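The numbers here are math on the coordinates, done by the rules we state, and not lab data. Computed from a predicted structure; not experimentally measured. Heads up, the Cβs are rebuilt from the backbone with ideal geometry, glycines too, and the neighbour counts pull from every protein chain shown.
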Amino acid sequence: MPKFKLEYIWLDGYTPVPNLRGKTQIKEFDSFPTLEQLPNWGFDGSSTQQAEGRSSDCVLKPVAIYPDSTRTNGAIVMCEVMMPDGVTPHPSNARATILDDPGAWFGFEQEYFLYENGRPLGFPKDGYPAPQGPYYTGVGYSNVGDVARQIVEEHLDLCLDAGINHEGINAEVAKGQWEFQIFGKGSKKCADEVWVARYILLRLCESYGLDVEFHCKPIKGDWNGSGMHCNFSTTYLRETGGKEYFEALMAAFEKNVNEHIAVYGPDNHLRLTGLHETQAIDKFSYGVADRGASIRVPHSFVNNGYKGYLEDRRPNSQGDPYQIASRVLKTIAEVPTP
């Protein structure tokens, strides 16, 4: 019976941004295990800001499993953190706050910087590279370099090997900045896969001696920050919609501006300035194809009778997709449907 290397990963209790943690368990199975075959596992919560030393046990509950092509018989196991009873969600468990809606679809656009020796990859040792312009979807060594392209291509392949619903990659507006997109049906699936994709990227960059910088505005000045635009829809929004419902939905989003910003990632005031394709953090707006609005409304949405998906452009690259999805669905739930 083959032995499988199960890498249990979870989010720790650090705030405002949780860190990924991981440890490996070896188990024997006849074939690649199913989620139902995976046991719960424990860890020392006093070392992750999730418990005190005098009562340190926390429980890892597997919620998704992915093949890990970097290891022989490897698997990545995404877990929720539970209290010692194995049933009660830990206070740090944001996944458990998401409304369970199989008709909710999410797509996250994860931007990030690759960093070397404390500066974006490709930046000179002193000063700055040429201004923004040629880097977005850029091609050629002077625009994207060679190592960066190799890393993002390897990352894409590893995510596809894992069965993650990766939808694409591109170089972003600032030098050393990249993006990947993930889509998932169901209220939790996409957020699970964003976290696993982040884990795979962080682990991959270990072998290159590089860091991944998820902060939303690591470079001050006239450089784009990093976002994690949240594309969302529900069954009602896709199949029924209508202008009246859409306007009521936007009113609910405007009413809950503070609640959304609170979970859309730290230091967002540095990114949401009203410049660099953003709306100001203290304002709410929506507009058709408007990348300077809080909510971008696709032309297809309006042309289809106000049905389809919407894009919330405010979440930043360091945000927790669990918290973001949870807040979006709570706001949607405030708007009654006929």
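A dipole drawn for the chain from +1 and -1 charges on Cβ atoms has a positive end, and of Tyr141, Thr235, Ala280 the residue lying farthest that way is Ala280.
Result for the chain in a Gaussian network model with C-alpha springs under 10 Å: among Val81, Val196, Val17, the largest mean-square fluctuation is at Val17. Dipole of the chain computed with +1 at Lys/Arg Cβ and -1 at Asp/Glu Cβ about the Cα centre; of Thr97, Leu121, Ser226, farthest Cα towards the positive end is Ser226.
Pick from Glu254, Glu244, Glu154 the residue whose mean-square fluctuation is largest in a GNM of the chain, springs joining Cα atoms under 10 Å. Of Glu254, Glu244, Glu154, the Gaussian network model singles out Glu244 as fluctuating most. Projecting the Cα atoms of Asn268, Val328, Gly13 onto the dipole axis of the chain, where Lys and Arg carry +1 and Asp and Glu carry -1 at the beta carbon, places Asn268 farthest toward the positive end.
How large is the charge dipole for the chain, taken about the Cα centre, if only the Cβ atoms of Lys, Arg (+1) and Asp, Glu (-1) carry charge, to the nearest 20 debye? Could the numbers behind the result be given before it?
Working: 32 positive and 44 negative charges, 55 e Å.
Once rounded to the nearest 20, the dipole reads 260 debye.
Could you order peptides 91-99, 47-55 by the average number of other Cβ atoms within 10 Å of their residues, highest first?
The peptides rank, most packed first, as 91-99, 47-55.
Normalising the average separation of contacting C-alpha pairs (under 8 angstrom, six or more residues apart) by the number of residues puts the relative contact order of the chain at 17 percent.
Straight-line reach from Lys330: taking Cα to Cα under 13 Å and skipping same-chain neighbours fewer than 8 places apart, the aspartates and glutamates in range are Asp100, Asp101, Glu259. Annotation: lysines with alpha-carbon distance below 17 angstrom to Lys125 (same-chain offsets under eight excluded): Lys175, Lys220.
Here the range 162-188 is scanned for amide nitrogen atoms under 18 Å from the site 7 Å beyond the Cα of Ala130 along Cα-to-Cβ, giving 171-177.
Close amide H partners of Phe29, meaning residues 5 or more places away or on another chain with modelled amide H under 5 Å apart, are Phe4.
When only Cα pairs under 8 Å and 6 or more residues apart are kept, what is the percent relative contact order across the range 198-338? Let's see the in-between values first.
Numbers: 222 pairs, mean separation 44.1, N = 141.
The value is 31 percent.
Output wanted: per-residue J couplings in Hz (rounded whole) for the range 298-310, from phi through Karplus 6.51 cos²θ - 1.76 cosθ + 1.60, θ = phi - 60°, x for Gly and Pro. Result, rounded to whole Hz: x, 4, 4, 5, 5, 5, 9, x, 6, 10, x, 10, 10. Can you pick out the pairs among Lys5/Lys188; Lys243/Lys283; Lys188/Lys283; Lys61/Lys189; Lys5/Lys185 whose Cα atoms lie more than 18 Å from each other? The answer is Lys5/Lys188; Lys243/Lys283; Lys188/Lys283; Lys5/Lys185.
What you get for the range 3-90, charging only the Cβ of Lys and Arg (+1) and of Asp and Glu (-1), is a dipole of about 220 debye around the Cα centre. For Glu80, the residues 5 or more places off, or on other chains, whose built amide H falls under 5 Å of its own are Lys61, Val63. Per residue, the convex hull around the alpha carbon atoms of the range 3-90 comes to 96 Å³. List the pair-distance distribution P(r) of the chain, using every Cα-Cα distance, as the percent of pairs falling in each 20 Å bin from 0 up to the bin containing the longest distance, rounded to whole percents. For the chain, the pair-distance distribution reads 29, 57, 13, 0.
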